[in-house]
Amino acid sequence: MFDILKLIPQDLLEGIDVDSLIKNKSYYPPDNTEEEIIKYTIAVENDAIGVLRIEMSFETGQRAFIIHELKRIEITDKEFLVVYSRVSGAPIVFAQSELQTYLFKNGILTKTKDPLLPLTIGLADFLKRNTPDSLIQKYSQYSNHCYELIYEGRNICYVLYENFDLGNLDKSWLLGNKIEFVFRKRKFKRLLPYFTQE
């Protein structure tokens with residue numbers, strides 16, 4: 001996974017010194033100040049499955065974060081699909097800021113012609129079709145949603161994080177809080193939304 005990480009375009013990784021991050025398991029950008037200390041940490045969650053996570057946080061109290069995730073999915077014994085995700089924001093409001101898919105073969109990383117995962121997915125995909133627009137607008141004030149690459153083996157999930165209890169909102173319009181994408185025959189098949197307790 002470290003070899004793949006080194007091939008990810010630097011503009012996606014915000015200028016992180018990847019070699020230093022891999023070597024030390026953490027990285028402090030050289031332009032840090034006493035008022036703003038940014039720290040990046042790296043973890044290979046499971047090298048056999050092929051997942052890697054980089055987290056950006058502040059050591060000076062600011063609450064913003066950035067999470068980079070990489071997932072490697074075997075297509076053949078010599079070819080892999082690589083999915084890259086970046087989620088950024090603060091604990092209350094965050095969003096998917098980047099999603100890319102690549103083919104990795106013979107040590108070369110090539111961006112796919114099409115992204116393979118839908119980029120237009122959102123809150124409405126978790127709701128019943130006849131959900132009133134006014135309720136969708138209220139739901140959007142108490143929810144965030146993004147792709148998670150780490151936890152579902154070969155599959156990828158789009159997850160709804162909601163705090164509807166804070167707004168006393170009726171949850172009966174929800175179809176689920178997770179949409180799984182199963183990788184088969186070089187494509188992702190989208191499953192129906194379902195509920196998990198996470």
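The values are calculated or read from the model by the stated rules, or taken from the named source; none is laboratory data. Source: prediction; values computed, not measured. Cβ atoms come from the backbone with ideal geometry, glycine included; neighbour counts cover every protein chain shown. When the accessible area is computed, the model is the full protein with side chains, heavy atoms only, and any ligands, DNA or RNA have been set aside. Shrake-Rupley method; radii C 1.70, N 1.55, O 1.52, S 1.80 Å.
When the GluC sites (Glu not before Pro) in region 22-71 are filtered for DSSP coil states and for at most 16 other beta-carbon atoms within 10 Å of their beta-carbon, the remaining sites are Glu34, Glu35, Glu36, Glu59. The charge dipole of region 62-180, taken about its Cα centre with unit charges on the Cβ atoms of Lys, Arg (+1), Asp and Glu (-1) only, comes to about 200 debye. Taking every alpha-carbon pair under 8 Å whose residues sit at least 6 apart, region 59-102 reaches a relative contact order of 35 percent. Computed with the Debye formula from one identical point scatterer per Cα of region 46-107, without solvent, the log10 of I(q)/I(0) at q = 0.23 Å⁻¹ comes to -0.92. Here the chain exposes an accessible surface that is 51 percent carbon and sulfur, computed with a 1.4 Å probe and the other protein chains kept in place. With protein chains left intact and a 1.4 Å probe, residues in the chain average 57 Å² of accessible area per residue.
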